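Notes follow once the structure below has been shown.
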Amino acid sequence: MRVAAASLWLLLALPVAAADAPALWRFDPLASQAQFRVHLRMGIPAEGRFKSIQGEIQPLPDQKLSVRVQLDARELVMGGPAWIQKSTHSKDFLDSAKHPDIRFQSQPFSSQVLVSGGIISGTLSLRDVSKPVSFTLLPTQCRQPGWTCPIAASGTLNRHDFGMQAYRWSLRDEVVVGFQLKFADDH
């Protein structure tokens with residue numbers, strides 16, 4: 001019943017938000033979070049966070065939405081030993097000096113996904129390679145997802161798909177990217 005009530009609120013709010021300026025729901029770059037996790041074969045945790053996030057959700061016709069997220073690879077701070085930070089940013093992995101932009105652009109998806117959870121598909125561009133990926137949104141825990149509670153999503157990608165071939169003896173192929181997204185208050 002709680003999800004149904006939240007769904008109704010979101011569906012009623014979308015036409016108003018789409019008709020009023022701004023037409024985009026911008027993410028608050030400091031209240032939102034993006035994580036990056038690699039799996040080391042030796043069991044050492046290797047998780048980091050990006051310092052800020054740029055992006056927005058755009059209301060579309062027919063109760064659809066589109067999301068765009070941009071991260072700066074140079075702003076990724078990895079936890080653990082210093083060599084993890086250095087290796088992650090190296091030309092053999094993210095090559096953040098040469099390829100700082102990490103972008104995701106979704107295909108249109110139902111506004112219901114923000115409330116009930118589900119899959120959002122789109123294109124991820126990383127190291128100047130663009131590939132289709134999917135992120136899983138968790139069901140919301142509040143009536144106004146993105147405003148009163150974060151929108152939580154995560155996705156797993158294969159690093160080889162994006163040209164990150166190095167360190168195959170120390171890293172597994174899977175990279176997990178997670179988000180907790182909150183909207184800016186300038187609506």
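The values are calculated or read from the model by the stated rules, or taken from the named source; none is laboratory data. This one's a predicted model, so the numbers in the text were calculated from it and none came from an experiment. Cβ sites come from the backbone with ideal geometry, for glycine too, and all protein chains shown count toward neighbours.
Summary of computed values
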| read-out | value |
| --- | --- |
| Pair list, Cβ under 7 Å, 6 or more apart: region 58-70 residue farther than 17 Å from Leu137 by Cα and among the charged types (D, E, K, R), other residue modelled with pLDDT of 95 or more and surrounded by fewer than 15 Cβ atoms within 10 Å (Cβ to Cβ) | none |
| Test: residue in region 154-174 that is buried (at least 18 other Cβ atoms within 10 Å of the Cβ), outside any loop (DSSP other than H, G, I, E, B), touching a Lys or Arg at 6+ places or on another chain (Cβ under 8 Å) and not aromatic (Phe, Trp, Tyr) | yes |
| Residue list for region 142-153, restricted to those being without any contact (Cβ under 8 Å) to a residue 40 or more places away in the chain and either small (Gly, Ala, Ser) or in contact with a Ser or Thr (Cβ under 9 Å, 6 or more places away or on another chain) (or both) | Cys149, Ile151, Ala152, Ala153 |
| Single residue of region 45-92 satisfying the filter (within 15 Å of Ile120 (Cα to Cα) and of a type in the set (Val, Ile, Thr)) that is surrounded by the most Cβ atoms within 10 Å (Cβ to Cβ) | Val67 |
| Close pairs from region 158-173: first within 18 Å of Lys86 (Cα to Cα), partner of a type in the set (Gly, Ala, Ser) and not in a helix (DSSP H, G or I), Cβ under 7 Å, at least 6 apart | none |
| Check on Lys131, outside any strand (DSSP E or B) and farther than 19 Å from Phe27 by Cα | no |
